[in-house]
Amino acid sequence: MKFSGLLPQQTKIENDFEIQNVVDSSLLVKKGDVFVFDKNITSQNGEKIIADALNNGAKAVISNVKTAGVTYTQNPALSLIKWAKNECSAMPKYMLGVTGTNGKTSVVWFYRQIMNALKNKTATIGTLGVYSQNNKIADTGYTSPVALILHKYLNELAKSGINYTALEVSSHGLALHRVDGIKFNVAAFTNLSPDHRDFHGSMEAYAAAKYRLFSELLTEGGTAVIHITKPECLPLMAMCKARGIKVLTYGTHSAELVVKPLKIQNNGMEIELLYENEKYNCFVPLVGEFQTENIATAVAMAVASGASFKDVASVVNKITSVPGRMEVISENNKPTVVVDYAHTPDALQNAIKSLKPQITGKLWLVFGCGGDRDIQKRSQMGEIAKKYANNIIVTDDNPRTENPEKIRTEIISACPDAINIADRKEAISYAINKANSNDTILVAGKGHENGQIIGKEVIPFDDRKIVHNLLESYA
């Protein structure tokens, strides 16, 4: 591939050449490589990063930073996509994308389980990594991986016989054009609530990034799967209909495809599924009434990708919870602990409200907020904790380079009766040892994560393992 092939047609270059390799990290540059840098991905000094790449031997640099030695382009991510697709051209036949503030991980997890149960070779890519059928094959580092990583795995999945692949599509991935090289056959939208305003600048920009999946990346013959009962979805429906895109609505009521809870139990719930006058009831071993929305999204995606509703309904009872997503850890005569990834106000409120019908004692809440992230949600999550929890312990949750005490203080300003315990293990231990056996403890914020980001280091830490160990030693 020629260097000119990475650039928009109107770009003027002095010398064209055959590309040896393309990288997106200055640390990976080898002599003769092309380095692609997007200033929007980091707050670090772009000119210095580019200088480092040139010093390491980069033959050319493509970037939206105007500095010496750079071939300028407004959107460098598209150059990465061109190279990634040149090197890894294969892709599964059916590509599905799920976006929204909450629920993406659960939706793709359930979709893969449903489709695999129907003997369809299915994979997922997202927060938990790359899963091919029931096997995890890689971690990616991002919800929506960069193009060089994403197309590498799509190529491998296609060559291994995978026909269906569902991706979690983050607002960052859409804003930074990481997934622009994919033509999605099905796109699903879960919900929209405040998050990532530190990156996008406003809710309007955040929503616009999400909507790109439907306005630009969903193929004309594709299907938009949209939650009809969410008001933020109305402009999205209008957008899709204006494009002539088929829309399949879902929800817990007033939709084409309905999934609603019938009976809530400690170990799961009985649900009803309804589509085109067909009705089925089944039991799913999931905790939290909000899971019906995630199930509905996954079922609608399965139907949109060609599976019959009857077949899908027959295997819904086989789905299991996502690791670290409303994951119940319990032992006889000990407090019930639920570990969840909820790290936004909306997700935290949904998690707590979903647990309420199943709680016989008091609700304990252990949570914090991440550093170097949206500071507005700290007081909002504190207000939710005060409103719904009986006992609150505020602790650290990936403080990164911020002062952890400052983060906790900002949360506690909205829930002044909360107990302030910096050490996360100590905070979880406090709740477990103080709670009664009929109480429920929600440990929120980190879910499946196995590391705690303190400063610029990642310290091994897994809420689920901590809880298991503490329950074993519970007196």
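Observations, loosely collected:
- For segment 1-53, the set of trypsin sites (Lys or Arg not before Pro) satisfying both a DSSP loop assignment and a count of at most 14 other C-beta atoms within 10 Å is given as Lys12, Lys30, Lys31.
- Directionally averaged projected area (convex hull, Cα atoms, the chain), nm²: 22.8 nm²
- Centre-to-centre separation between the Cα atoms of segment 311-387 and those of segment 1-46: 43 Å.
- Under-5 Å amide H pairs with Lys362, H placed in peptide plane, nonlocal only: Asp439, Thr440
- What separates the Cα centres of segment 52-72 and segment 158-217 is a distance of 29 Å.
- For segment 419-427, backbone phi angles converted through the Karplus equation (6.51, -1.76, 1.60; θ = phi - 60°) give residue-by-residue couplings of 8, 9, 10, 5, 5, 5, 4, 5, 5 Hz, Gly and Pro being listed as x.
- Nearest 10 degrees, 0 to 90: helix 147-159 Cα axis against the chain principal axis: 80 degrees
- Calculated from backbone phi, Karplus (6.51, -1.76, 1.60) coupling profile of segment 81-96 in Hz, x at Gly/Pro: 5, 4, 5, 4, 6, 5, 7, 10, 8, 6, 8, x, 4, 10, 10, 10
- Projected onto their three principal axes, the Cα atoms of segment 3-79 cover extents of 30, 25, 19 Å, largest first.
- Rounded to the nearest 500, the 222 nm mean residue ellipticity of the chain from helices alone is -9500 deg cm²/dmol, with -39,500 (n - 2.57) taken per DSSP H run of at least 4 residues.
- Qualifying GluC sites (Glu not before Pro) for segment 1-71 [loop in DSSP, other Cβ within 10 Å: at most 16]: Glu14
- When the Cα gyration tensor is reduced to axis lengths a ≥ b ≥ c, the ratio a/c is 1.5 or higher for segment 64-143, and with a/b above b/c it is classed as prolate.
- With 10 Å bins beginning at zero, the pair-distance distribution over Cα atoms of segment 327-472 amounts to 12, 47, 34, 6, 0 %.
- Mean Cα-pair separation over length for the chain, i.e. relative contact order, pairs under 8 Å, 6 or more apart, %: 10 percent
- Degrees, to the nearest 10: 203-212 long Cα axis against longest axis of the chain: 70 degrees
- When both segment 77-94 and segment 446-469 are represented by their alpha-carbon centers, they are found 34 Å apart.
- With Cα atoms, 0 to 90° folded angle of helix 291-304 axis to the chain main axis: 40 degrees
- Computed from Cα atoms alone, the Kirkwood hydrodynamic radius reported for segment 88-318 is 17.5 Å.
- Order of His200, His468 - criterion: other Cβ atoms within 10 Å of each residue's Cβ, fewest first: His468, His200
- Proximity of backbone amide H atoms, modeled 1.01 Å from N, is registered between Gly451 and Phe461 at under 5 Å, excluding neighbours fewer than 5 places apart on the same chain.
- Kirkwood-based shape ratio for segment 310-393, expressed as Rg/Rh from alpha carbons: 1.05
- Backbone amide hydrogens, once placed in the peptide plane, bring Val225 within less than 5 Å of Ala187, Ala188, Phe189, Leu248, excluding anything fewer than 5 places away on its chain.
Where a number appears in this text, it was derived from the coordinates with a stated rule and is not lab data. The structure presented is a predicted model; accordingly, all values stated were derived computationally and were not measured. Every residue, glycine among them, receives a Cβ derived from its backbone with ideal geometry; neighbour counts consider all protein chains shown.
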